[in-house]
Amino acid sequence: MRDRTLWTWHIGAGAVILVLLGLHMVIMHLSGTLGFLGVQDAEPTGWASVAARAGSLFFTLTYVALLGAALYHGFYGFRNILMELNPGRTVRSVINVGLSVVGLALFAFGTWAALAAPGAATMAGG
Amino acid sequence: MAGSNTKQVTFHLRRFEPGKDAEPHWEDHSIEVTPGMTVLDGLWKVKELSAPSLAWRSSCRMGICGSCGMLINGRPRLACNTQVSELGSAIVAVAPLPNFDIIKDLVPDLRPIFETHREMLPYLLRDDTAEQEDPTREYRQTPHELEQYLQFSYCIKCGCCMAACPTVATDAQYAGPMPLGQAHRYDSDTRDAGFDRRREVLAGGSGPWRCHFAGECSQVCPKGVDPAKAIQLMKRQLVSDLLRLRRRTPPAAVAEAPHGTMRDDIPAAPPRTVTEA
């Protein structure tokens, strides 16, 4: 039963990545195209833009969601690759626990970074 | 004497006899091949002329029983369904299906796939045991409902898909295309009520989640079955069930007895008026 749930989350995470990465591409890398279409925005990698995004609740939430989805999607895929090497029962448990711990640690660190960003931007902005 | 239609072909055969051979080896046997001759006919000829101890499985000779699945010139095929001429080669290499242990020569040990097949409960599961044991009438099913599983029911369990599947070759946990395809065949049959019981196996680690969708199983199937499609449809069914989106309908009921009326407008046959000359 567990595999069905994990796989469903994997597909769901893929869909979340598709949307949020699309958003990222549009905001960060397609500013020229957007300008061509009549949407004028400040330089996306400029300090003012970065600080503004860091202070926005919407962007903070999307950063955390994208981080969680990408970590889960990538680590689940990596786990599948390792499982296809036909490890024994003990090694399987080590892989499951190890990847879960590393994934959660990276998620916690990334979330902390996203939440701490507004304060850091304010301090750096002076 | 070789006729104008015959051709000399070498059968390059993989031989192995447990207890005698340390490992499999290859043997060459040259025979005359006539138009229309199948690989299976060729094997019989080799056995008759030069290798009387050669072992393989075959039965119907017409692509129905699924016994003669072999690796022919590197591809899993039915020996009875493959003409030597269609291979376009003067060498016909024949080996047992890969991904299985070898019992002898060209005979693979198919027990693992049949054990997995059995775990999938490949039969109609219903509560009306009395009706099933002593049927009164057929279960009602529309042609459209039949089409949902019909092609999957053409599977002859020859094992060619299991031999072609790259995931089966590398992943010991994966159930494989044949058992999964057959589980879906019954899960998509409106007469069946066994989805919840099969789910116990299918939602676990040996289920469709390990399929990489290489599609080799469908490519190689000698009966034109599409097990890769069955596996993807099965994923959709199982995920829909997890998300509570799957429509649950009771299994098809026993059809009612026909209660049509007799037609009284059928004209009587005219009297014969033609006379013998």
If I ask for residues that are touching an Asp or Glu at 6+ places or on another chain (Cβ under 7 Å) and either in a loop (DSSP other than H, G, I, E, B) or among the hydroxyl-bearing types (S, T, Y) (or both), which ones from the stretch B:156-174 would you list? B:C165, B:T170, B:D171
Could you check the stretch B:204-217 and list, in sequence order, the residues that are crowded, with 20+ Cβ neighbours inside 10 Å and in contact with a helix residue (DSSP H, G or I) (Cβ under 7 Å, 6 or more places away or on another chain)? B:G207, B:P208, B:W209, B:R210, B:C211, B:E216, B:C217
Starting from the stretch B:28-57, keep only residues that are assigned by TED's automatic domain parsing to the domain that holds B:Q83, then list their pairs with residues that are of a type in the set (S, T, Y) and crowded, with 20+ Cβ neighbours inside 10 Å whose Cβ atoms are within a distance under 9 Å, requiring at least 6 positions of separation or different chains. B:T38/B:T82; B:V39/B:T82; B:L40/B:T82; B:W56/B:S67; B:R57/B:S67
The lone exception for B:A257 - which of (1) free of Cβ contacts under 8 Å to residues at least 60 places away in the same chain; (2) in a loop (DSSP other than H, G, I, E, B); (3) closer than 23 Å to B:L124 by Cα; (4) hydrophobic (A, V, I, L, M, F, W, C) it fails: (1)
Name the residue that is nearest to the other protein chains (Cβ to nearest Cβ), counting only residues in the stretch B:167-188 that are surrounded by fewer than 21 Cβ atoms within 10 Å (Cβ to Cβ) and within 14 Å of B:C217 (Cα to Cα). B:T167
Whether any residue in the stretch A:36-48 is among the aliphatic types (A, V, I, L, M) and surrounded by 15 or more Cβ atoms within 10 Å (Cβ to Cβ) is what I want to check. no
Which residue out of A:G77, A:G68 is at pLDDT 90 or above and surrounded by fewer than 14 Cβ atoms within 10 Å (Cβ to Cβ)? A:G77
Contact list please: Cβ distance under 6 Å, first residue in the stretch A:1-28 and at the interface with another protein chain (Cβ under 7 Å from one of its Cβ atoms), second residue of a type outside the set (A, V, I, L, M, F, W, C) and not in a helix (DSSP H, G or I), pairs at least six apart or on different chains. A:D3/B:G204; A:D3/B:G205
Residue among A:A105, A:A117, A:A113, A:A121 that alone is modelled with pLDDT under 95 and surrounded by fewer than 16 Cβ atoms within 10 Å (Cβ to Cβ): A:A113
What is the one condition in (1) within 24 Å of A:W7 (Cα to Cα); (2) more than 14 Å from every other protein chain (Cβ to nearest Cβ) that B:A214 does not satisfy? (2)
Does B:C155 qualify as being crowded, with 20+ Cβ neighbours inside 10 Å and in contact with a strand residue (DSSP E or B) (Cβ under 7 Å, 6 or more places away or on another chain)? no
Residues (closer than 17 Å to B:A183 by Cβ, touching a residue at least 60 places away in the same chain (Cβ under 8 Å) and surrounded by fewer than 23 Cβ atoms within 10 Å (Cβ to Cβ)) located in the stretch B:218-233: B:D226
Before we move on, is B:R111 surrounded by fewer than 19 Cβ atoms within 10 Å (Cβ to Cβ), of a type in the set (D, E, K, R) and in contact with a helix residue (DSSP H, G or I) (Cβ under 8 Å, 6 or more places away or on another chain)? no
Single condition B:S30 does not satisfy, out of (1) exposed (fewer than 12 other Cβ atoms within 10 Å of the Cβ); (2) over 28 Å from the mean Cα position of the chain (by Cα): (1)
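The values are calculated or read from the model by the stated rules, or taken from the named source; none is laboratory data. Predicted, not measured: the structure shown is a model, and the values here were computed from it. Every residue, glycine as well, gets a Cβ built from its backbone with ideal geometry; the counts of neighbours run over all protein chains shown.
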